[in-house]
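Peer 1: Okay, here's the structure, questions in a sec.
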Amino acid sequence: MRLRTIFIPVVVAFTVIACSTQVNPIRRADNTAGLPLLHVSGEHVLTEAGDTFYIQGVNLGCWLNPEGYMLMMPGSECNSPRMLNNMLSQLVGPDEAATFWQSFKDRYITEADIRFIASTRANTVRLPFHYALLTDDDYLGCSTREGFARMDSAVAWCKRHGLYVVLDMHDCPGGQTGDNIDDSYGYPFLFINEKSQALFCSLWRQIAAHYANENAILGYELMNEPIATYFTDDLDSLNSLLEPLYARCIDSIRTVDSRHIIIPGGAQWNGTFTIFHGLLKDSNLLYACHRYGHPADESGIQDFLHFRDSLHIAMCMTETGHRPHEWLRQEAVTLHRNNIGLLWWPYKKLGSSCWVQVGVPDGWQLVQQFAASDRHTYAAIREHRPDINAARHALDAYLDSIQFDCCHPDTAYINAFAQ
């Protein structure tokens, strides 16, 4: 085993005129032809040649699973995809809401975004997605099973520009978290519903069959932040169901793909690893941890280090961020020093604390005010709905603002991760 850390990204020299702002690449890496398949050996992610690969990059959050806070929606009435879609349907009607979401998915992440990410020291992107994109379930006004087409585009762009992709089922059937981030109904019903579990395993088998021969896929992150902390009365019971479901899903994936890394995460926001009791026998696993707001030195990840060192397994912090730049720099140094990969959250959103900032569009306060209003009765919806033409203008302005050439990179946020 050669312990030489390598970086894979391709450098692309380009200049973009960004709504009166010139955007230049932030950091550059050496050109590398092709993407070797990655695998796990002990505590390391390795290339086929045996070189160590240190994961560093960013999350493409909000694109295929929008969260209210990334659209600057106030309060908790519009903080999940379903709630956002309900509000927009009340605002401009379901047909126009569906058209909005299609344009949103067309524009939020494009090859221009991937090209920009590749111009930094990033070598990986994490792609959160909603399970419903792979089913006939209505999702944001569309039930055409468009998930593979969206993911295929992203993978092709990343492959072209030398980036690996982590596929992250952020929203699982039935809900794995029980909060807004999994678009659930307030409880992790996945763990007590056999129909949802069967669909969960079946979808991952389909994904693995689809990408079995694609080296640009770094790995399959089975679910995001399972089992929130709120369910104190049955937390132990729910936690005990997580590892067996992981094992079942891994077995399903391995019937069609024996090559790719599989990525299980801890319970309670990917932070609790005492739920693992040796059921996962697969040797090609990378464990995902998340943490926000912790000390940026080893004291903030001591439990992760203990878990990693006690089992001699590989780990990656597939989400962290939303902190001041100096904290970000310290966090990156700590994780790199301890061989825990790093994927910042998020790449793009309205406002700050991200790699690429979306400016607040004209009239957006009308949408925010309606989202925050009482909409629990039809009378209340009619009372608080703003002028529909004004609302349409605000939504159109937002769709313009999310395009890469109208966004504003935060170079300090981006540079914080590069070691």
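Peer 1: Add +1 for every Lys or Arg and -1 for every Asp or Glu among the other residues with Cβ under 12 Å from the Cβ of T135, and state the total.
Peer 2: Numbers: positive: R145; negative: D136, D137, D138, E146, D171.
Taking every Cβ under 12 Å from that of T135, the sum is -4.
Peer 1: Using Cα centres only, tell me the gap between region 209-271 and region 378-419 in whole Å.
Peer 2: 32
Peer 1: Between S76 and T110, what FRET efficiency follows from the Cβ-Cβ distance if R0 is 22 Å, with the result rounded to 0.05?
Peer 2: Numbers: r = 31 Å, r/R0 = 1.39.
Given R0 = 22 Å and the Cβ-Cβ separation, E is 0.10.
Peer 1: Could you check which residue among N389, N123, N338 shows the biggest mean-square fluctuation in a GNM of the chain with a 10 Å Cα cutoff?
Peer 2: Ranking N389, N123, N338 by mean-square fluctuation puts N389 first.
Peer 1: Which of Y292, Y211 has the fewest other C-beta atoms within 10 Å, and how do the rest follow up to the most? Please report the intermediate quantities before stating the final value.
Peer 2: On the way: Y292 12, Y211 22.
Neighbour counts put them in this order, fewest first: Y292, Y211.
Peer 1: Okay, next question. Would you work out the charge dipole size for the chain about its Cα centre, treating the Cβ of every Lys and Arg as +1 and the Cβ of every Asp and Glu as -1, and quote it to the nearest 20 debye? Mind dumping the intermediate values first?
Peer 2: On the way: 31 positive and 47 negative charges, 223 e Å.
With only Lys, Arg, Asp and Glu charged at Cβ, the dipole is about 1080 debye.
Peer 1: If you don't mind, there's one more thing I want to ask. Just add up the charged neighbours of K159: K/R +1, D/E -1, any other residue whose Cβ is under 13 Å from the Cβ of K159. List each step's numbers first, then the result.
Peer 2: On the way: positive: R115, R160; negative: E111, D152, E214.
With Lys, Arg at +1 and Asp, Glu at -1, the net is -1.
Peer 1: Be a star and scan region 217-245 for residues whose amide nitrogen sits under 18 Å from the point 7 Å along the Cα-to-Cβ vector of R145.
Peer 2: Those under the cut-off are none; the list is empty.
Peer 1: Could you sort the peptides 165-173, 242-250, 96-104 by per-residue average Cβ neighbour count (10 Å cutoff), highest mean leading?
Peer 2: Working: 165-173: 25.7, 242-250: 19.4, 96-104: 17.9.
Going from most to least packed, we get 165-173, 242-250, 96-104.
Peer 1: Among N123, G147, L134, whose Cα sits farthest toward the positive end of the charge dipole of region 96-152 (+1 at Cβ of Lys/Arg, -1 at Cβ of Asp/Glu, about the Cα centre)?
Peer 2: Of the listed residues, the answer is N123.
Peer 1: Under the 0.36 nm per residue contour assumption, what length would be gained going from the current alpha-carbon distance of D396 and H408 to full extension? Before the final figure, lay out the partial values.
Peer 2: Numbers: separation 12, 0.36 × 12 = 4.32 nm, distance 1.88 nm.
Length difference between fully extended and current span is 2.4 nm.
Peer 1: Still on this structure, please answer the following. Give the calculated FRET efficiency between R248 and H306 to the nearest 0.05, with a Förster radius of 30 Å applied to their Cβ-Cβ distance.
Peer 2: Values: r = 27 Å, r/R0 = 0.90.
Efficiency at R0 = 30 Å is approximately 0.65.
Peer 1: Give me the number: length gained by fully extending D374 to S103, i.e. 0.36 nm times residue separation minus the C-alpha to C-alpha distance, one decimal in nm. Could you put the intermediate results ahead of the total?
Peer 2: Numbers: separation 271, 0.36 × 271 = 97.56 nm, distance 2.75 nm.
Result: 94.8 nm gained on full extension.
Peer 1: A further question on this structure: Can you compute the modelled spin-label distance between H322 and T135, with each label point 7 Å from Cα toward Cβ, in nm?
Peer 2: 2.7
Peer 1: How much of the DSSP beta bridge set in the chain is antiparallel, as a percent to the nearest 5?
Peer 2: Numbers: 11 of 48 bridges.
Bridges in the chain are about 25 percent antiparallel.
Peer 1: Please work out the FRET efficiency for the pair V256 and D234, using the Cβ-Cβ distance as r and a Förster radius of 30 Å; give the result to the nearest 0.05. Don't skip to the end; give the middle numbers.
Peer 2: Numbers: r = 34 Å, r/R0 = 1.13.
With R0 = 30 Å, the Cβ-Cβ based efficiency is 0.35.
Peer 1: Let me ask another. Please work out which option in (1) 175; (2) 123; (3) 132 gives volume of the Cα convex hull per residue in Å³ calculated from these coordinates, and answer with its label.
Peer 2: (3)
Peer 1: Also, quick follow-up: Provide the gained length on full extension for the span K281 to S202, in nm with one decimal, where the gain is 0.36 nm per separating residue minus the Cα-Cα distance. Intermediate values should be presented prior to the final figure.
Peer 2: Values: separation 79, 0.36 × 79 = 28.44 nm, distance 2.02 nm.
Contour length minus Cα-Cα distance gives 26.4 nm.
Peer 1: Using 20 Å as the cut-off for backbone N distance, which residues of region 377-419 belong to the label zone defined by a point 7 Å from the Cα of R337 along Cα→Cβ?
Peer 2: Inside the label zone: 415-419.
None of the figures in this text is laboratory data; all of them are computed from the coordinates on show. These numbers were taken from a predicted model, which means no experiment stands behind them. Using ideal geometry, Cβ is built from the backbone for each residue, glycine included, and neighbour counts are taken over all protein chains shown.
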